[in-house]
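Before any comments, here is the structure.
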Amino acid sequence: MAKLIREVMTRDVEVINPNDTLRDAAEKMRTLNVGAIPVCDGQRVVGMITDRDVVVRAIALGKDPNSTQVADAMSPGIEYAFDDDDVDTVLNRLKEKQIRRIIVVDRSKKLVGVASLGDLTGEVSERKVGEALEGISEPSSPNM
């Protein structure tokens, strides 16, 4: 039987509020040694803030991290998997969406964890992980 994502995901995930500042987000990322944090408004997941979001959507545009809110720089839209999805399904979604991590929710859409490509390593064949990484790492066209 295929392994479920809930068996390999990271649980007890720290979150951040959309009204917190980018400095708060960066400090939390440093403290937790992570590159992304789910953004929650109460119990509802509203997005994800990544270290790249902070740099590209704020710092590079001259925005002040001490006053710019997480909501103004976070990745819009939410890619998620259900906790009863199998690992292969989630790996395919990561590849298809070209992302390295995904929010995991239960069937009532409550946050229960985060799954990263690293969490899936060792759970599926090296070939499948390699194919997913190749798809995720495929370069996008630069904006000119």
Go through the residues of the stretch 26-38 one by one and say whether even a single one is surrounded by 13 or more Cβ atoms within 10 Å (Cβ to Cβ), small (Gly, Ala, Ser) and more than 17 Å from Ser116 (Cβ to Cβ). yes
Please go through the stretch 1-22 and give me each residue that is more than 15 Å from the chain's Cα centre (by Cα), over 12 Å from Ala73 (Cα atoms) and assigned to a helix (DSSP H, G or I), ordered by number. Arg6, Glu7
Of all residues in the stretch 96-113, count the ones that are among the aliphatic types (A, V, I, L, M), under 16 Å from Val46 (Cα atoms) and in a loop (DSSP other than H, G, I, E, B). 0
Consider only pairs whose beta carbons are under 6 Å apart and that are at least six residues apart or on different chains; among these, list those whose first residue lies in the stretch 69-86 and is modelled with pLDDT of 95 or more and hydrophobic (A, V, I, L, M, F, W, C) and whose second residue is buried (at least 20 other Cβ atoms within 10 Å of the Cβ) and part of a loop (DSSP other than H, G, I, E, B). Ala73/Ala58
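For Ala2, indicate whether it is touching a residue at least 40 places away in the same chain (Cβ under 8 Å), surrounded by 14 or more Cβ atoms within 10 Å (Cβ to Cβ) and either in contact with a strand residue (DSSP E or B) (Cβ under 8 Å, 6 or more places away or on another chain) or of a type in the set (Ser, Thr, Tyr) (or both). I'd like the intermediate steps shown before the answer.
Numbers: touching a residue at least 40 places away in the same chain (Cβ under 8 Å): yes; surrounded by 14 or more Cβ atoms within 10 Å (Cβ to Cβ): no; either in contact with a strand residue (DSSP E or B) (Cβ under 8 Å, 6 or more places away or on another chain) or of a type in the set (Ser, Thr, Tyr) (or both): yes.
No.
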Single residue of the stretch 56-84 satisfying the filter (over 15 Å from Thr21 (Cβ atoms) and out of contact with any strand residue (DSSP E or B) (no Cβ under 7 Å at 6 or more places or on another chain)) that is surrounded by the fewest Cβ atoms within 10 Å (Cβ to Cβ): Gly62
Exception for Thr31 within (1) under 14 Å from the mean Cα position of the chain (by Cα); (2) in a helix (DSSP H, G or I) falls at (1)
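The values are calculated or read from the model by the stated rules, or taken from the named source; none is laboratory data. It should be emphasised that the depicted structure is a prediction, and the values quoted were computed from it without experimental measurement. Don't worry about glycine lacking a Cβ; one is built from the backbone with ideal geometry, like all the others, and counts go over all protein chains shown.
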